[in-house]
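Structure first, commentary second.
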Amino acid sequence: MSSHPDVRAIVERVRKDEIGGAADTAKEVVDALSKMVRDSKAKNTKALVAEIDGAVLDIMRVMPSLAPPINALHRFVGTMERGEADGVSVEQMKEALQQSRDQFFEWAENALGKVAQYGAEKVSEGDRVFMYSMSSTVWRIFRAAKEQGKQFEVVVTESRPGNEGLWTVKEMDKLGIPVSVSIDAAIGELIPECSAVFVGADVISSTGHALCKAGTYPSALVAKAYGIPFYIAADTLKFDTATLFGLPYRNEAIHRHDVLDDSYPDRAKVVGHLFDETPPELVTAIVTEIGILHPAAAFAVLQRMNPSRKIGEMLPAWSRGEL
Amino acid sequence: MTIHPAIQRTTSKFEAYELHAARAGREVMQALASVVADSSASTLDSLAADLESNADALLQVMPMYAPPINAMHQVFSRLEQAQKSHRSPEVFRGEIAQAANSYRDWSERARATIAGYGSNVIPNGGVVYTFTLSETVLGTLREARKRGVRFRVMVTESRPNRDGRMTASSLAEEGIDVDISIDGCAGEMVPQADVMLVGAEAVLSDGSAICKVGTYPSALAAREYGVPVYVLVDSMKLHPTSLFGQQLWLDPLRRAEVLDEKPVQGAVVCGHLFDRTPGDLISAVITERGLMHPSQVSQWMLEMPISDSIVTRLGQQTPRGPEGA
């Protein structure tokens, strides 16, 4: 276990699932590693690399299947690998990694702004747009559209079991955007009355499949049946390199008490997961910071990522929980 | 005009959402029969007036399920026939008493027949996906089990009243394995099923079915994965005046069902308790006459009793607005 307090802290926080969103986890991971590098007493590059390798392993061991922090690690470790290959000094390596951290933070901030800007182009005056559950990226799109002076309404469903759709209700109300809310089962009635659907995603796979909150896939089916455009808002940090190697993504099971209380017989089992998979043929486009992409372009996006060799080698064991 | 106590009891049950479609049909039939039996009217016309005011009281609160509407068609078409042929009130009273009795028997027989046909489409060792709670589907699953078919059931909770949980507990208590999840997981569950069985509030002349909200997205997922969808209904669930373009106004969701705590000022609750599954997603409608393509229901509707006065009354119905409106 790494001895640096920031690394120990991030490992604990990831293990206990204390961090709100995947993007925040990515930032915290990179920040902790860059602080460890800054404070490192390593005399040479090799010693510094060994220290980083150890810390990365500690973090990966507790890391759930979230694409953004793993992609952030690809960037950070990739920078380190290039430094190693170029035979840089320990000081040069420290500086390169500090720069990598700063660039990542700058990129993250700009990326969401661009997703919002491009996505807002798909919201038109007088629209009634449907969104499933909550997504801070989609919220940004709506805020940007509102700032452009467009008048539109948002329809959302509660999104059981967490009812994150009700967070969307509050957020839209705060932004002064008219909002209607219903139960998840009502998507078949509500989506046909809308002009577009926007959802966020947790993971985009190399084949363009999107892992989103459970209920997104049936929503996409309804949208397809009525020819209503279906947009997924996701910066490219959500594109999952592990899927390129055919590895599965983690999906959390629904808890028994989210559906049944103790009065129900044991023979009635609670099944299902928190996320479902929407296939690319139901998706009009993925709105990314690169631009508005066909979902199949996920492969090209992953090719541009220049993934780290070391992280790539860890992924198979990591996905089996054997790291 | 006084409202008969049996009608009052029925209206308060409707207001409390206590009657599902099939039971509503039986209940309305018996209540209208009580109006006819207890009316002090000495002429057929004054008996008709009694019946009309009681029917109006029902229509004000009744959800648009087909069975109670068909019960009204049965009583009022007999009334119209009796008026045309100048029958005495006594003869008419006798006819209605008999109709009410045979309705009860007919309804039980129809359900048993459907259960038999329905259990034939459940493959041994298969997985049955059903939505919400349906007396007809539960009867079918019980019959299949009695015949030695082994199967597992999948159901979602079915918000807002979470009736799917009743399905899960009834089946589990009877020793049938059942999996339950949230409605949002339909897209994950339906592909695992071999067959989807649902009940309906009404079937329309275009072959579409009005079912508990959420059935339509489940049926879409079923088509995607080639899972056959069967709608189990007796003929009282057919809505014959859909032939004339008459719609069924669906009940809106109540605000408190979605925004119970900390309400947000600007937010509106939208959506209805039922949605419409188009006929092209339905593999077969399973009725007491057997399995039929959904388009064939219109043929059957032409044979059903239709009362002019009920048609007029339904035509005057307007959609119910959101709660309190």
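Laid out as a table, the results:
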item: Residue satisfying all of: in segment B:240-293; within 14 Å of chain A (Cβ to nearest Cβ), touching a residue at least 40 places away in the same chain (Cβ under 8 Å) and basic (Lys, Arg); surrounded by the most Cβ atoms within 10 Å (Cβ to Cβ) among these; result: B:276
item: Enumerated strands (runs of 3 or more DSSP E) restricted to segment A:113-194, each holding at least 1 residues that are among the small types (Gly, Ala, Ser); result: A:179-182
item: Residue among B:286, B:310 that is part of a strand (DSSP E or B), of a type in the set (Val, Ile, Thr) and more than 30 Å from residue B:255 (Cα to Cα); result: B:286
item: Which listed residue, of B:190, B:285, B:213, is among the β-branched types (Val, Ile, Thr), farther than 21 Å from residue A:190 by Cβ and in the same structural domain as residue B:154 (by TED's automatic domain parsing); result: B:285
item: Number of the exception - residue A:110 against (1) exposed (fewer than 15 other Cβ atoms within 10 Å of the Cβ); (2) assigned to a helix (DSSP H, G or I); (3) more than 14 Å from chain B (Cβ to nearest Cβ); (4) free of Cβ contacts under 8 Å to residues at least 60 places away in the same chain; result: (4)
item: Residues of segment A:167-184 classified as more than 7 Å from chain B (Cβ to nearest Cβ) and in contact (Cβ under 8 Å) with a residue 24 or more places away in the chain, total; result: 7
item: Residue list for segment A:286-306, filter: closer than 18 Å to residue A:246 by Cβ and among the β-branched types (Val, Ile, Thr); result: A:301
item: Residue in segment A:24-46 that is part of a helix (DSSP H, G or I), under 18 Å from residue A:238 (Cα atoms), out of contact with any helix residue (DSSP H, G or I) (no Cβ under 7 Å at 6 or more places or on another chain) and outside the structural domain of residue A:210 (by TED's automatic domain parsing) present; result: yes
item: Total residues in segment A:202-235, condition outside any loop (DSSP other than H, G, I, E, B) and away from every other protein chain (no Cβ under 13 Å); result: 6
item: Residues within segment A:120-161 that are under 21 Å from residue A:289 (Cβ atoms) and among the aromatic types (Phe, Trp, Tyr), tallied; result: 2
item: Residue within segment A:120-133 that is without any contact (Cβ under 8 Å) to a residue 60 or more places away in the chain, assigned by TED's automatic domain parsing to the domain that holds residue A:212 and surrounded by 16 or more Cβ atoms within 10 Å (Cβ to Cβ) present; result: yes
item: Test: residue in segment A:183-197 that is under 21 Å from the mean Cα position of the chain (by Cα), at pLDDT 95 or above and not acidic (Asp, Glu); result: yes
item: Condition met for residue B:113 (in contact with a Gly (Cβ under 7 Å, 6 or more places away or on another chain), under 23 Å from residue B:202 (Cα atoms) and either loosely packed, with under 13 Cβ neighbours inside 10 Å or not aliphatic (A, V, I, L, M) (or both)); result: no
item: Residue count for segment A:258-289, restricted to those that are of a type in the set (S, T, N, Q) and either farther than 20 Å from residue A:219 by Cβ or in contact with a Leu (Cβ under 6 Å, 6 or more places away or on another chain) (or both); result: 2
item: Verdict on residue B:205 being surrounded by fewer than 24 Cβ atoms within 10 Å (Cβ to Cβ) and not assigned by TED's automatic domain parsing to the domain that holds residue B:71; result: yes
item: Unique match (being over 24 Å from residue A:158 (Cβ atoms) and not β-branched (Val, Ile, Thr)) among B:184, B:245; result: B:245
item: In segment B:136-175, the residues that are touching a strand residue (DSSP E or B) at 6+ places or on another chain (Cβ under 8 Å) and closer than 17 Å to residue A:263 by Cα; result: B:157, B:163, B:164, B:165, B:167, B:168, B:169, B:171, B:172
item: Qualifying residue in segment A:248-263 (condition: surrounded by fewer than 23 Cβ atoms within 10 Å (Cβ to Cβ), of a type in the set (Lys, Arg), facing chain B (nearest Cβ under 9 Å) and not in a loop (DSSP other than H, G, I, E, B)); result: no
item: Any hit, segment A:80-91, residues being of a type in the set (Lys, Arg) and without any contact (Cβ under 8 Å) to a residue 24 or more places away in the chain; result: yes
item: Failed criterion for residue A:71 (all others in (1) touching a helix residue (DSSP H, G or I) at 6+ places or on another chain (Cβ under 7 Å); (2) surrounded by fewer than 19 Cβ atoms within 10 Å (Cβ to Cβ) hold); result: (2)
item: Strands (runs of 3 or more DSSP E) enclosed by segment B:113-223 - at least 2 residues per element that are more than 21 Å from the chain's Cα centre (by Cα) and at the interface with chain A (Cβ under 10 Å from one of its Cβ atoms); result: B:151-156, B:178-181
item: Scan of segment A:245-269 for residues that are farther than 22 Å from residue A:17 by Cα, free of Cβ contacts under 8 Å to residues at least 60 places away in the same chain and not basic (Lys, Arg), ordered by number; result: A:246, A:260, A:261, A:262, A:263, A:264, A:265, A:266, A:268
item: Residue among A:307, A:295 that alone is farther than 30 Å from residue B:170 by Cα and in contact with a His (Cβ under 6 Å, 6 or more places away or on another chain); result: A:307
item: Filtered residues of segment A:207-244 (kept if of a type in the set (S, T, N, Q) and either in contact (Cβ under 8 Å) with a residue 60 or more places away in the chain or surrounded by fewer than 21 Cβ atoms within 10 Å (Cβ to Cβ) (or both)); result: A:207, A:216, A:219, A:236, A:241
item: Hits in segment B:80-110 - residues which are surrounded by 14 or more Cβ atoms within 10 Å (Cβ to Cβ), of a type in the set (A, V, I, L, M, F, W, C) and more than 24 Å from the chain's Cα centre (by Cα); result: B:82, B:92
item: Residue count for segment A:218-240, restricted to those that are over 20 Å from residue A:298 (Cβ atoms) and touching a Gly at 6+ places or on another chain (Cβ under 7 Å); result: 2
item: Tally of residues being within 14 Å of residue B:239 (Cβ to Cβ) and hydroxyl-bearing (Ser, Thr, Tyr) across segment B:288-302; result: 1
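To keep it simple, each residue is scored yes or no on (1) among the aromatic types (Phe, Trp, Tyr); (2) at pLDDT below 95; (3) over 22 Å from residue A:240 (Cβ atoms).
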{"site": "A:18", "(1), (2), (3)": "no, yes, yes"}
{"site": "A:25", "(1), (2), (3)": "no, yes, no"}
{"site": "A:63", "(1), (2), (3)": "no, yes, no"}
{"site": "A:95", "(1), (2), (3)": "no, no, yes"}
{"site": "A:102", "(1), (2), (3)": "no, no, yes"}
{"site": "A:107", "(1), (2), (3)": "yes, yes, no"}
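The values are calculated or read from the model by the stated rules, or taken from the named source; none is laboratory data. In this text the structure is predicted, and so the values were computed from the model without any measurement. Here the Cβ is made from the backbone with ideal geometry for all residues, glycine too, and neighbour counts use every protein chain on show.
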